[in-house]
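The values are calculated or read from the model by the stated rules, or taken from the named source; none is laboratory data. Quantities reported herein were computed from a predicted structural model and do not represent experimental measurements. Here the Cβ positions follow ideal geometry from the backbone for every residue, glycine too, while neighbour counts run over all protein chains shown. Just the protein is used for accessible areas: all its heavy atoms, side chains included, with ligands, DNA and RNA removed. Shrake-Rupley method; radii C 1.70, N 1.55, O 1.52, S 1.80 Å.
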Amino acid sequence: MKKFGNTAHKINEILSVFKPGEKLKGREICRRLCDKGYRVTDAHLRMFIYYNMLYKHLEKEEIKGVNHYSIIGR
């Protein structure tokens, strides 16, 4: 299983799992990264998104009490 090299690499890999116009839950993002071979947990990924990616790369929308993320500008 692969680990991320640095923050920029992790951001690019998270953004690569999104398709245009798609909204994903944190667990779905985590599952897709695990399918690519990365070792990542759901809670760590959501914390990383909150502190490093929210409002810069991703926007958050709450649907039925669950956060869904989409890419800003696509």
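Laid out as a table, the results:
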| read-out | value |
| --- | --- |
| Hits in region 39-74 (condition: polar (S, T, N, Q) and assigned to a strand (DSSP E or B)) | 67, 70 |
| Search result, residues across region 19-38 that are basic (Lys, Arg) and part of a helix (DSSP H, G or I) | 27, 31, 32 |
| Residue within region 15-28 that is in contact with a Ser or Thr (Cβ under 9 Å, 6 or more places away or on another chain) and either surrounded by fewer than 10 Cβ atoms within 10 Å (Cβ to Cβ) or without any contact (Cβ under 8 Å) to a residue 40 or more places away in the chain (or both) present | yes |
| Checking residue 42 against (1) modelled with pLDDT of 95 or more; (2) surrounded by 15 or more Cβ atoms within 10 Å (Cβ to Cβ); (3) out of contact with any Leu (no Cβ under 8 Å at 6 or more places or on another chain); (4) of a type outside the set (A, V, I, L, M), the condition it does not meet | (1) |
| Condition met for residue 47 (among the hydrophobic types (A, V, I, L, M, F, W, C) and either open to solvent by 70 Å² or more (accessible area, probe 1.4 Å) or in contact with a Pro (Cβ under 8 Å, 6 or more places away or on another chain) (or both)) | yes |
| Restricting region 1-18 to residues that are part of a helix (DSSP H, G or I) and of a type in the set (S, T, N, Q), the residue that is farthest from residue 69 (Cα to Cα) | 7 |
